[in-house]
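The next block holds one structure in the form of C-alpha cells; read it before the comments.
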Amino acid sequence: MTNLFRHIPAVDKLLLEPQVKEAARGLPSQETTEIVRSFLDRIRSEIAAQQGPVSQEEIVARLVSQLELSRKRRFQPVINATGVLLHTNLGRAPLPQEALDRIAQLGGGYFNLELDLSTGERGSRYTSVARLFNLLLSEIEDLDTVVVNNNAGAVLVALKALTAGREVIVSRGQLVEIGGGFRVPEVMAASGCILKEVGTTNRTRLSDYANAITEQTRAILLVHPSNYAMVGFTESVPREELAQLARERGLLLIEDIGSGAFPPFSEPLVPGALKHSHIVTYSGDKLFGGPQAGIISGRKDLVDIIKRDPLLRALRIDKLSLLALEAVLELHLNKDYGRLPLWAMASLDPKVLKERAEKWLSHLGPGLQGEVVRTESTMGGGSLPGQGIESWALALRAPELSSTELARWLRQSTPPVMGRIVHDRVLLDPRCVLPSQDELIISLLQGGVQACS
C-alpha cells in the first residue's frame, strides 16, 4: 500500500504542471492549493479502497477538470438566448451604461452616502432616490418613498411596521409563491401580522373581504400574482372597490405589485396603484430596469412609520445598488427609455430578430442542423405573466446529440450560451443577445459539434 501512495505526486509538483497552471489561471493561489490538497486526499482514499494505483496522467487530467469546474463557479458573462428578458438565474435586468458609469465613478472612492453636505451632519442614504421616485410619482399627493434590498423585504417591513399583531385580509388566490421558494404566507408570518384568508383559489368577492373584517383587522393586502395567470371560472375584486371598502371601514390597503411598472411598460403601473392603495411595494430589478431593490411608496405618514422600524436597517439597500438606482431613475425622469437595456430589448423589431437568426443559421458547422422559426419571447421574472412578445429563433438540433446534450454543450462553451428546449430542439432567441455577442455565437456554431463519447 505504501508503494502505491508513493506514486502520488506532491502538491508543489502538481502546481508546476503546465496543464494545472493553465486550468488554475485566475484562481487565488490559496484556493488552488486547497483544491489540490483536497483532491489528493480523495485519490488516497480511492487507492486505499481499490488497492490499485492511479497513474500520474490520470491524476493530472482529473485535477484539471476539478480546477476548471471551480473556475466555472465564478461569476462570468453568459449569453442569454433563452428569450426570457428578466431571467432570474442570469441576473434579471441588464443595467444601462449610465448606471455602470455611476458605480465606477463613485464606488471606487468615497461619496456622500449618508452625509448632508449642506450641514456637514449625518444624512439618510434614502434621500436622493426617494426624492427622484417622488418626482416620478408627482401626480400622487402626500407621497414618500423608501428603498430596501428587495421586494420581499419591502413587503415584510411594511407589514411589520404597519400591521404587526393585527389581522391582514388576503384572497386565497393571491397567496402565491415567489422566487426562491418564499411564499406570501411565510412573509406575512415573519412580519408578525395575522393572516386571514378569504374567498377561494379562483373566486373572491367583495363580500368575502367585508364579512371577514373584525375589530382586530388592520389592513387588506392585495398581491399581484406575478408568475402565473388565472383564467377560466375566476373572479377577483378590483383595487378601486377594495380601496372604497378600506376607506369605509378605516383600514389600510397595502398592495404588492411585484415587478411594478412605469411608462412605457403597461400594467401593473405603479402610479395607477398609488391612486387607490395606501402603500405599494415593487421591484427595482424587473420592469423598472434597474438593480435589485424593493421600493415602498405611499402615504407619507405611513412611510414615516416604516422608516422608524428597526427592521429597515437590516434590510437596507447596498450603496452600489443605490448608485445604479439613482442613474436608472434619471433615465426614467428624462423619458430616455431607449437607454434602458430592458426596454430596448423588449421593443426590438421582430424582422431584425429574424435576420439575426438567419445569419446564425447560415454559419452552422459540422454536426449541426437548424431552421429559423417563429416563437415568443417572455418578460420573465414574474412580470407580465401570460403575455408573450413576438420573436424569431434559430431552432437548433444535432443528429448525434439529444436536445439535452446539445443544450449542455452550449451551456459549457466559452462563453456559455443559454437556450431553451422546445419540441426536442434548442431554440436560440436573439432578443436578449447583445448585438456585440452575435459574432461569439457565430464562431461557436461554425466550429460544430461531435457526438458525446
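A short reminder: the numbers here are calculations on the coordinates, not readings from a lab. These numbers were taken from a predicted model, which means no experiment stands behind them. Positions of Cβ are generated from backbone atoms using ideal geometry, with glycine treated the same way; all protein chains shown enter the neighbour counts.
The table for this structure:
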quantity	calculated
Nearest 10 degrees, 0 to 90: helix 151-163 Cα axis against the chain principal axis	30 degrees
Among V328, L106, A314 - extreme Cα towards positive end, dipole of region 97-336, charges at beta-carbon	A314
Viscosity 1.567 mPa s, temperature 4 °C, Stokes-Einstein D of region 2-72 from Kirkwood C-alpha radius, µm²/s	105 µm²/s
All-pairs Cα distance distribution in the chain, expressed in whole percent, bin size 10 Å	4, 17, 22, 21, 18, 12, 5, 1, 0
Estimated FRET transfer efficiency when R0 is 35 angstrom, pair R73-T200 (beta carbons, to 0.05)	0.20
The chain: calculated mean residue ellipticity at 222 nm from DSSP helix runs of at least 4, using -39500 (n - 2.57)	-12000 deg cm²/dmol
Bridge type composition, the chain - antiparallel percent by DSSP, nearest 5	60 percent
Mean Cβ neighbour count within 10 Å, used as a protection proxy, ranking 167-177, 348-358 highest first	167-177, 348-358
